[in-house]
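Worksheet for the structure shown next.
The values are calculated or read from the model by the stated rules, or taken from the named source; none is laboratory data. Owing to the predicted nature of the structure, the values given are computational and were not obtained by experimental measurement. A quick note on method: Cβ atoms are made from the backbone with ideal geometry, for glycine too, and the neighbour counts reach across all protein chains shown. What goes into the accessible areas is simple: the full protein's heavy atoms, side chains included, and nothing from ligands, DNA or RNA. Shrake-Rupley method; radii C 1.70, N 1.55, O 1.52, S 1.80 Å.
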There are 4 protein chains.
Amino acid sequence: MEKRNATAAVIGAGDFIGAEIAKKFAFEGFTVFAGRRNGEKLVPLVQEIEKAGGTAFGRSLDARKEDEIVKFLSDADKHAPLEVCIFNIGANVNFPIVETTERVFRKVWEMACYSGFLAGREAARLMLPRGRGNIFFTGATASLRGGIGYAAFASAKFGLRAVAQAASRELGPQNIHVAHLIIDAGVDTAWVRERRKERMGADAVDKLPPDVLMRPAAVANAYWQLYQQPRDAWSFEHEIRPFGERW
Amino acid sequence: MEKRNATAAVIGAGDFIGAEIAKKFAFEGFTVFAGRRNGEKLVPLVQEIEKAGGTAFGRSLDARKEDEIVKFLSDADKHAPLEVCIFNIGANVNFPIVETTERVFRKVWEMACYSGFLAGREAARLMLPRGRGNIFFTGATASLRGGIGYAAFASAKFGLRAVAQAASRELGPQNIHVAHLIIDAGVDTAWVRERRKERMGADAVDKLPPDVLMRPAAVANAYWQLYQQPRDAWSFEHEIRPFGERW
Amino acid sequence: MEKRNATAAVIGAGDFIGAEIAKKFAFEGFTVFAGRRNGEKLVPLVQEIEKAGGTAFGRSLDARKEDEIVKFLSDADKHAPLEVCIFNIGANVNFPIVETTERVFRKVWEMACYSGFLAGREAARLMLPRGRGNIFFTGATASLRGGIGYAAFASAKFGLRAVAQAASRELGPQNIHVAHLIIDAGVDTAWVRERRKERMGADAVDKLPPDVLMRPAAVANAYWQLYQQPRDAWSFEHEIRPFGERW
Amino acid sequence: MEKRNATAAVIGAGDFIGAEIAKKFAFEGFTVFAGRRNGEKLVPLVQEIEKAGGTAFGRSLDARKEDEIVKFLSDADKHAPLEVCIFNIGANVNFPIVETTERVFRKVWEMACYSGFLAGREAARLMLPRGRGNIFFTGATASLRGGIGYAAFASAKFGLRAVAQAASRELGPQNIHVAHLIIDAGVDTAWVRERRKERMGADAVDKLPPDVLMRPAAVANAYWQLYQQPRDAWSFEHEIRPFGERW
């Protein structure tokens, strides 16, 4: 592994997608700054990266707090120039609109949209003076579709997509690649397996054929593809789903 | 004017679009409840409606406050069954993303998205037991496009559109018509004229040909068309722009 | 019925949607020119319109033939100025892509797209010198979605939508209203009832509740709404579906 | 270069994009079958590939002829299993709709849509029995937008996109990756340079900064990224544009 003088920040470094993104960029030589609510939970991830010869820092981060985002990204940038910032916080909930409390609506927005705005803006502020950088956002089916029960979640994801679009149009000409990765499918996480079991029975999980659910590593790989694009052929929106997915 | 035993609530009854919506529904026989931040400013509107034989009530309303929305719509519904609720609050601002403060981002969302969610949810709660009603939301170009400088505004408008979509899918089968009216153009308001003058010179306003800007009354008319649709042919999304508009 | 000095041409005046459009515009005072492959079948429609005091002409028309379209619209325009041209030819077929013959693919395109281009272009040529007119196209779910088995049909409908968009952008500023009406649901026709029976059993048709399928008259009504829009608030795309439709 | 027992067919192997795609896949070890109207013009491309140790065959191909497409792909498949089929024929013309002849409209469709259907269908027929393969289509800005003057071109490109969508939904679950690459910008070709000079003056070409126009090789690279995607994270639609492009 050849080390780079560059950091990649992963905001929302959960056990599945976020962890795989962190590992991928670490194994490609980036110093990784990984943030999540409870930074303690990042210890195994950091150890795994370090064991493989990589460099990573795990931090407790409430991404809804402006000062915490500022500090997190600025610390990353001080370590080495911030080259990649990936915002990966979800907040997938489903309630009928009449049962959606204002607290839920607000909290989902703060987690999935407002904190994404903060992250994107702060990353841009650090990258603009150097005239380079990559800011990527994780989207979902609900980024494009307000389905039944998704008033809160889709509203936040639509809102995040708008932030990404505006950022892309503003920052692209300044050599900062902004992209929005739409994961249009279930990713293979504990939570998705549990829901699948509830809906379809135990066999739907125990005898799950390969590649029906998207591996978290495949998401990380998609981000890596985005990172590798030459600047005369950048994608803004990039959608991925497993081969057998209905859409 | 034949009076109906029905109220129409207009949330965001500003001097232009909102006022015209209020008048249109009042002149069609609805009792109108009009709400805006400073209820004092509604006096002339209410007088105009009453002079023409209609019925209207003007109220001070901070639509970002859940209890105020609840009270406003519940008062309207007590007067006569709430048949139409139109959410018409905008918050059009333009800032480069790196100059968008967290305060602006949050406030624009609270005005243009969060309060729309509250209004739609409360209207639904009142309408569902009766199995009928109409909930309409005002959209804009920024509902579909995150343009340069619109990170905050487009984020809120995208988010509102998602609320409307989810509400439409949930409430349509329960006989509640939810629609999202996209105004893809400048409406003829004092503010738009001012901006036009700045950009294009005084003549662009003083010698403005007819129908280049959309009349607020045309927006009211579009809502009236939506209201009149039979339930076997409802529109969810309805876009309007002047004949000469570039799009 | 007050007669207008204006004609409305309906291309694809089939037994259901097309016939209702013809009647609606005839009853509103237009002279109607109705065209379909076998003009004989238009006799009852013309009689119904005449009995009600309207004026209509039924013509055999193969809309895939440029000279026939030219003659049909030019005859209409000679009778009285062509004010409305509605293109309503469908060609809904479903085949797996590997079983779609080149003949089917081509024929569906000729019926649903190519002839729509011819109709729109010729209507524009007649309307432009007078600086007014309305050109409307019937779209479908497949105008926006290439679903399984719809390679041929969706390809034609997508293509027609592009024609409508380009026409709208070109002709709008010249005071010609071009619109694309997306019928995102099954319309209550003999063919749809038959398919419904096959899929869901006889009861799904015999005991069909009202407003589950869209009445052809509701489509005609939607076109009438488009026609009535003031030019400072024209819709280009207008989608309609029944209240209970899943989308 | 490690040779693969697999062919890649490039339909529309023009001097720029098509040639780069051919080279990329040849250099990655595929036997390339390249087709274009005048096969003579493929000699230098084939020589360049062979000189580098690759294998390629250049063929005259009128892709609008069903029998020619069948033979071209079947020959490719006989040489080695057809693993990749890329349809890359454009037909970019711009005419006001009223000046668009039926001949132009039909021809553009035959080149850019109908032949794409034939290519996709025939590739699918060859790939399905083996349960694997990749079918990619080149899209453009006009795949999503019917702009002024683009009635013919956008209609064909919209139509091709529908074919690709239907194919993707049908063939994905059978392990065939269908994708639609939207090039939302000018590519650096002789024709684009010429138009740029006309519009913006000689300096806009002679002093063209790097990466303002997309290199044809970047398009080839995008196709290579699509080919490399694991099947649990396939993209259907993939859009690319240069960093400074307005969109």
D:Glu99 vs. criteria open to solvent by less than 40 Å² (accessible area, probe 1.4 Å) and acidic (Asp, Glu) | no
Only one of these is under 23 Å from B:Gly147 (Cα atoms) and touching a helix residue (DSSP H, G or I) at 6+ places or on another chain (Cβ under 6 Å): A:Ala220, A:Ala204, A:Ala167. Name it.
-> A:Ala167
Might you check whether a residue that is among the acidic types (Asp, Glu), over 21 Å from A:Gln228 (Cα atoms) and open to solvent by less than 30 Å² (accessible area, probe 1.4 Å) occurs anywhere in region A:116-123?
-> yes
Condition test on A:Ala220, is it under 28 Å from A:Phe30 (Cβ atoms), in a helix (DSSP H, G or I) and modelled with pLDDT of 95 or more?
-> yes
Selection within region C:201-220 - open to solvent by less than 20 Å² (accessible area, probe 1.4 Å), free of Cβ contacts under 8 Å to residues at least 40 places away in the same chain and more than 8 Å from chain B (Cβ to nearest Cβ) = C:Ala204, C:Val205
From the set of residues in region B:100-115 that are farther than 23 Å from B:Tyr227 by Cβ and of a type in the set (A, V, I, L, M, F, W, C), which is farthest from the other protein chains (Cβ to nearest Cβ)?
-> B:Met111
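Residue-wise test of (1) within 20 Å of C:Ile182 (Cβ to Cβ); (2) of a type in the set (A, V, I, L, M).
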| position | (1), (2) |
| --- | --- |
| B:Gly147 | no, no |
| B:Arg161 | yes, no |
| B:Ala222 | yes, yes |
| B:Ala233 | yes, yes |
| B:Phe243 | no, no |
Of all residues in region C:162-190, which are without any contact (Cβ under 8 Å) to a residue 60 or more places away in the chain and open to solvent by 20 Å² or more (accessible area, probe 1.4 Å)?
-> C:Arg169, C:Glu170, C:Pro173, C:Gln174, C:Asn175, C:Gly186
Among the residues of region A:148-158, is any outside any helix (DSSP H, G or I), buried (at least 24 other Cβ atoms within 10 Å of the Cβ) and in contact with a helix residue (DSSP H, G or I) (Cβ under 6 Å, 6 or more places away or on another chain)?
-> yes
What number of residues in region B:165-175 are facing another protein chain (nearest Cβ under 7 Å) and among the aliphatic types (A, V, I, L, M)?
-> 2
Would you call C:Ala151 over 25 Å from C:Cys85 (Cβ atoms), modelled with pLDDT of 95 or more, at the interface with chain D (Cβ under 7 Å from one of its Cβ atoms) and in contact with a strand residue (DSSP E or B) (Cβ under 8 Å, 6 or more places away or on another chain)?
-> yes
B:Gly131 vs. criteria open to solvent by less than 10 Å² (accessible area, probe 1.4 Å), small (Gly, Ala, Ser) and more than 10 Å from every other protein chain (Cβ to nearest Cβ) | no
In region C:234-247, anything part of a loop (DSSP other than H, G, I, E, B) and either within 7 Å of chain B (Cβ to nearest Cβ) or touching a residue at least 24 places away in the same chain (Cβ under 8 Å) (or both) is listed as C:Ser235, C:Phe236, C:Pro242, C:Phe243, C:Gly244, C:Glu245, C:Trp247
Residue ID - nearest to the chain's Cα centre (by Cα), chosen from residues in region C:134-147 that are open to solvent by 10 Å² or more (accessible area, probe 1.4 Å) and touching a residue at least 60 places away in the same chain (Cβ under 8 Å) | C:Thr138
Being assigned to a helix (DSSP H, G or I), acidic (Asp, Glu) and modelled with pLDDT under 95, is that true of even one residue in region D:118-139?
-> no
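Output yes when any residue across region D:201-211 is of a type in the set (A, V, I, L, M, F, W, C), out of contact with any Ser or Thr (no Cβ under 6 Å at 6 or more places or on another chain) and at pLDDT 95 or above, and no when none is.
For region D:201-211, residues of a type in the set (A, V, I, L, M, F, W, C), out of contact with any Ser or Thr (no Cβ under 6 Å at 6 or more places or on another chain) and at pLDDT 95 or above: absent.
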What do you reckon, is A:Tyr223 within 19 Å of A:Ile17 (Cα to Cα), surrounded by 23 or more Cβ atoms within 10 Å (Cβ to Cβ) and of a type in the set (Ser, Thr, Tyr)?
-> yes
Taking the stated definitions as given, is A:Arg231 within 7 Å of another protein chain (Cβ to nearest Cβ) and either open to solvent by 20 Å² or more (accessible area, probe 1.4 Å) or touching a strand residue (DSSP E or B) at 6+ places or on another chain (Cβ under 9 Å) (or both)?
-> yes
Please work out if A:Val43 is β-branched (Val, Ile, Thr) and outside any helix (DSSP H, G or I).
-> no
In region C:1-40, how many residues are assigned to a loop (DSSP other than H, G, I, E, B) and under 20 Å from C:Leu82 (Cα atoms)?
-> 11
Any idea which of A:Phe27, A:Phe33, A:Phe16 is farther than 24 Å from A:Arg193 by Cα and open to solvent by 10 Å² or more (accessible area, probe 1.4 Å)?
-> A:Phe27
Any idea how many residues of region B:57-96 are more than 20 Å from the chain's Cα centre (by Cα) and buried (at least 24 other Cβ atoms within 10 Å of the Cβ)?
-> 0
